[in-house]
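Before any comments, here is the structure.
Every read-out reported here was derived from the displayed coordinates using simple, explicitly stated rules and does not represent laboratory data. All of these numbers come straight from a predicted model, not from anything done at the bench. So basically every Cβ, Gly included, is an ideal-geometry build from the backbone, and we count neighbours across all protein chains shown.
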Amino acid sequence: MFAAIKSVFIASSTSKSQETVRTGLIFGFIIALLSLLLLMTGLYNGIDSYINTMVLQVGFQTPEKQNESVWIVKKDQATSELLEKNPDREEFASVFRFLGQPQIVKRMEGYSGSGLRLFQIDVGCFKDYKNMLFKTGYAEWGTFVDASDQASATRVDAFDLKKWRSGSNLVRKYINEKPEERAYTSLIKVTSQLWTPTAKYAFSILAGGGQHLIMPTLTTDWSNPELRRFLQSQIDKNAESSGTGAEKVPEDLEPAIKLLKRWQNLFLNLRRVDPRLIISFCDSPGVLFSVSFDFFLEPAPPEFLVEPSSVIGFDFVFQGEKRPATDEALIAAIASSSGKVILAAHTMMEEDLRGHAEDDIEGDNANRLRKKGTAKFVQRLIVPHEKFIRGNAETAMIDMGIGSKGFVDKAPMFIVTEQAKKLMPSFSLKIAMLELDRRHPDMKPSYTEEMTRVLAEIYDSVASGTFRGPLVIHDRQIPVDSRGFMFIDYVGSTIVGSTVDASRNKAAISSVSLYECFDRKTLAHLHRQMPHKKALLPENAHRRTLGV
């Protein structure tokens with residue numbers, strides 16, 4: 001055997017096939033050695049993580065519609081940079097005050113009350129009438145008696161609405177220039193203001209602003225790349241958290257942006273239209289009776305109310321005490337919340353060296369104890385300080401399941417607590433049950449009560465390892481394994497384009513930064529300290545959270 005190996009590696013061998021084998025083995029050895037060196041440097045870790053991330057997301061699809069009832073408030077870098085520090089209990093108290101209480105918001109624009117007579121038919125005797133008897137939008141826009149630039153519809157620059165030669169203008173001009181000609185005589189007169197060349201018609205009234213809407217919309221270059229780029233930046237900014245205030249609209253794009261806002265007002269105001277059919281008799285000279293169709297827009301209140309959050313889940317553990325004034329403010333803020341507040345708790349495994357000599361534990365023998373396997377691990381429950389768990393505040397577990405590659409691929413629905421000898425609901429399960437209680441207030445027993453009963457019922461089987469799932473709470477079946485873990489079906493994240501479905505222009509889960517949930521008092525105080533940071537102005541910070 002040694003001779004065979006020697007014949008392969010020793011250059012004196014004359015066999016061509018052996019030379020080929022020798023060359024291949026040498027190159028294979030070199031490649032294997034280089035690969036081992038690269039592996040030891042950790043170069044492949046990123047590639048391994050990327051491949052595993054893709055495997056976890058195989059087959060997933062971002063939902064077409066976001067769940068608007070769930071929002072993630074992120075303690076992110078944008079907030080830390082604005083505050084120039086990490087937010088602490090003082091800022092957390094502000095968040096509880098903002099999310100847990102109703103907010104009164106001032107309306108910005110486009111909500112004034114108005115009305116318009118959309119259509120009217122008059123029956124009577126009309127003699128020497130010096131205007132159009134059938135004055136509709138079609139007649140106003142479609143009557144041309146000359147081929148001048150102003151009357152021509154073939155060029156965009158001819159659309160000067162202030163000088164537009166509408167049908168009624170031309171009729172009046174014709175009659176005034178020829179007084180010897182008789183004006184119109186009729187028994188009926190029709191007027192419509194759905195869309196006329198004047199600035200006051202149905203669409204402009206609904207859009208607000210008292211200016212033309214349709215024609216500027218038709219003549220605006222919506223394919224302008226700069227306009228598309230600006231609009232896309234606004235979409236991305238709304239989908240992601242941002243540390244800046246409202247972006248200034250470029251001067252050349254301002255007319256188009258104003259048009260879009262007016263169209264938004266129009267569709268919003270359609271819900272406020274109060275249509276009325278009015279029949280009147282002899283209300284003006286020569287009119288026997290008239291039938292008109294009017295619409296009214298009642299003025300909206302100058303302020304509107306934003307309801308508080310029904311459930312606030314806070315996944316920071318308020319462990320221990322800090323400054324008394326700060327803690328008292330946080331306690332008061334939690335207590336002021338009109339909905340349930342779920343505070344985070346979790347378990348931790350630590351070594352139990354009880355029963356060994358104190359000298360052994362503190363000295364070198366502690367290492368020998370670990371090596372011999374005599375040290376055992378016990379479960380420790382980490383909970384918020386008891387002074388925070390009052391009134392409407394409860395706790396739930398934020399433990400997560402980590403797979404073999406270090407990815408969070410499963411979430412527990414309950415945690416076995418060895419000290420209390422019971423199952424404690426997970427953070428996500430408890431919040432979901434509270435939300436179901438809000439949606440189904442007539443359910444008896446409630447989802448939360450049924451969850452408590454089911455967890456108590458299955459404790460023995462879970463502790464003994466005989467539980468096989470699923471977890472059934474009323475009509476909800478949650479697929480879990482014997483330890484209560486549910487494998488996660490990935491649908492995306494709070495960041496646009498961060499997943500395999502990166503072609504979508506929105507995040508799968510709605511989110512805002514922590515500073516966007518500070519109350520007005522806190523934001524005003526911070527802005528006074530840092531006036532150059534416009535994002536801290538309440539009207540900028542609350543742009544997404546309150547829709548201002």
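What is the Cα radius of gyration of region 410-530 over 2.2 N^0.38 Å, N being its residue count? Could you put the intermediate results ahead of the total?
Values: Rg = 19.6 Å, N = 121, 2.2 N^0.38 = 13.6 Å.
Relative to the rule-of-thumb radius for its length, region 410-530 sits at 1.44.
Once phi is turned into θ = phi - 60°, what whole-Hz ³J(HN,Hα) does the Karplus curve with 6.51, -1.76 and 1.60 give for every residue of region 478-491, x standing for Gly and Pro?
10, x, 10, 8, 5, 9, x, 8, 10, 5, 7, 9, 5, 10
Can you tell me the FRET efficiency between E90 and D315 if r is taken as the Cβ-Cβ distance and R0 is 22 Å, rounded to the nearest 0.05?
That gives a FRET efficiency of 0.75.
Could you size up the charge dipole of region 442-489 around its Cα centre, putting +1 on the beta carbon of Lys and Arg and -1 on that of Asp and Glu, and report it in debye to the nearest 20?
Computed charge dipole of region 442-489: roughly 120 debye.
Can you tell me the dipole magnitude for region 425-548 around its Cα centre, using point charges on the Cβ only (Lys, Arg +1; Asp, Glu -1), in Debye to the nearest 20? Before the final figure, lay out each step's value.
Numbers: 17 positive and 14 negative charges, 166 e Å.
So the magnitude is around 800 debye.
Relative contact order (percent) for region 258-309, with alpha-carbon contacts under 8 angstrom and 6 or more residues of separation?
This gives 31 percent for region 258-309.
Calculate the spin-label point distance for A332 paired with E251, positioning each point 7 Å from the Cα along the beta-carbon direction, and give it in nanometres.
5.0
So between K173 and M400, what do we pick up on full extension, going 0.36 nm a residue minus the alpha carbon distance?
73.6 nm is the gain from fully extending K173 to M400.
Under a point spin-label approximation (7 Å from Cα along Cα-to-Cβ), what is the D294-K521 distance to one decimal in nm?
Placing both labels 7 Å along Cα→Cβ, they lie 4.7 nm apart.
Each residue of region 304-320 in turn: what ³J(HN,Hα) in whole Hz from Karplus with 6.51, -1.76, 1.60 and θ = phi - 60°, glycine and Pro shown as x?
9, 9, 9, 5, x, 5, 6, 9, 10, x, 10, 9, 9, 8, 7, 8, x
Calculate the spin-label point distance for R228 paired with V491, positioning each point 7 Å from the Cα along the beta-carbon direction, and give it in nanometres.
3.1
Region 414-434 to region 531-545: how many Å between their Cα centroids?
Rounded to whole Å, the Cα centres lie 38 Å apart.
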